[in-house]
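Worksheet: the structure to be examined is printed underneath.
The values are calculated or read from the model by the stated rules, or taken from the named source; none is laboratory data. What you are looking at is a predicted structure, and each value in this text was computed from that prediction instead of being measured.
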Amino acid sequence: DGDGGPEEEPLNSEDDVTDEDASDLFDTDNVVVCQYDKITRSRNKWKFYLKDGIMNI
């Protein structure tokens, strides 16, 4: 646009970059990995419709 302002960083740029060690990041007893169909929210209540996944709880 040529306004001479600072260039904005694109969305999702370096979203997967973290300063944390990966082994510390995933050090947990409970794991849920799945795909989702739909997510809805009504006031402060969220509903997640999950499919095709695994759990280790």
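Quick notes on this structure:
- Residue check, Asp29 of a type in the set (Asp, Glu), assigned to a strand (DSSP E or B) and modelled with pLDDT of 85 or more: no
- Filter result for Asp37 (at pLDDT below 70 and of a type in the set (D, E, K, R)): no
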